[in-house]
Amino acid sequence: MSATNGDFPNLLVTGPGFGTVRSLPSVGVGPPPRVASERGYLRSGLPAIYQDQDGDFGMRFLGALETLLDPTVALLDALPAHFDPALAPANVLELIMAWLGLDLREVQTTSERREIVRMAAELGRRRGTRAGLELALRLAFPGVPFRVEDRGAVVWSTDPDTIPDAPDPSFVVYCDVPLREERQAEVARLVEQVKPAHVRYRLRVKVDRPPGS
């Protein structure tokens with residue numbers, strides 16, 4: 001049975017020993033580059049006297065070589081686009097996410113992965129901050145409203161010898177919509193990954209109460 005999840009097709013096979021097979025698109029959204037034979041890749045480098053001999057064996061031989069080299073040269077022409085988050089094939093996106101150490105989840109659509117890769121540098125720059133946590137939650141769970149409240153504090157004393165101890169740093173992550181327990185566990189795992197190691201936190205999720213309760 002085939003189904004669609006986001007912007008890539010899924011092939012779902014049920015039964016003992018079967019799992020989910022995902023068919024990834026092999027091209028991006030941009031147009032392909034001109035092939036080598038259209039540009040006269042080899043013949044354009046010949047002296048003009050030889051280029052005028054269209055029926056000559058040498059020109060026909062070069063044309064055959066250009067056609068043979070088209071796939072390789074076209075790949076090299078398009079190589080920068082293969083690593084552009086907006087154009088890269090879906091399987092290359094997975095490779096880039098692995099290179100960057102980004103968390104890869106099967107439920108993510110290709111468009112969501114493109115946005116995560118595009119913002120990877122900003123995620124690294126803000127890591128360990130409130131803004132970084134909010135950005136990571138927005139990218140990993142698009143459309144889910146989260147709020148992060150930092151429980152920072154300042155201690156002071158008029159006597160420099162009796163400065164009180166500062167409270168342990170902590171923060172609270174609020175979710176204003178109900179989430180399934182599995183989804184809450186995913187959120188908690190993400191928070192554990194991106195928060196500073198020494199900071200405690202709480203996750204508070206809105207409870208879905210039945211009408212009239």
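The numbers here are math on the coordinates, done by the rules we state, and not lab data. Please read all numbers here as calculations on a predicted model, not as lab measurements. A quick note on method: Cβ atoms are made from the backbone with ideal geometry, for glycine too, and the neighbour counts reach across all protein chains shown.
For the reader, a short list of remarks on this structure follows.
- Counting charges near Val194 (Lys, Arg +1; Asp, Glu -1) among other residues having Cβ under 15 Å from its Cβ returns a value of +3.
- Orientation-averaged projected area, Cα convex hull of the range 129-205 (nm²): 5.9
- Given charges at beta-carbon only (K, R positive; D, E negative), |dipole| of the range 85-195 in Debye: 560
- Value of Rg/Rh across the range 61-166 [Cα atoms, Kirkwood radius]: 1.33
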